[in-house]
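Bear in mind these aren't lab numbers, they're just calculated from the coordinates by the rules spelled out. Keep in mind that what you see is a predicted model, and the values were worked out from it rather than measured. So basically every Cβ, Gly included, is an ideal-geometry build from the backbone, and we count neighbours across all protein chains shown.
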């Protein structure tokens, strides 16, 4: 789990890796909310990646849905092990919080798309979705 002191490092990494601005103020609020989870990966003393997941109720899915809002890894490091570990942690957390499924926006980046598909996500419209039943986690 991310600490409030990780947020500035996470926003800096996200902006460097994606070229998009990320709101540090919003992430600081999410650290304290039960409807959100922020996980970070570190190598040594350096932040190597992070994932932000929000929870929302869904009558259609029969429970909650975990939504991956941000997955970022340091482009200067080996991305695959870090991203895989962050995705696994997000899925475990979503399952433990009663989510029936976890979803992510369909990425433009083919490497990120392949990573999500290897983790069991399938395309459903504009989203990638993965079931979180006992057998699939």
Query raised in the report: Rounded to the nearest 5, what % of the DSSP beta bridges within region 4-136 are antiparallel ones?
Result: 85 percent
Query raised in the report: Order of 65, 102, 4, 38 from fewest to most other C-beta atoms within 10 Å?
Result: 4, 65, 38, 102
**Report entry** Folded to 0 to 90 degrees: helix 7-18 orientation relative to the chain principal axis, Cα
**Finding:** 80 degrees
Query - If the convex hull is drawn through the Cα atoms of the chain, its volume per residue in Å³ - result: 109 Å³
Report summary line: Taking Cα pairs closer than 8 Å and at least 6 residues apart, the relative contact order of the chain in percent is 18 percent
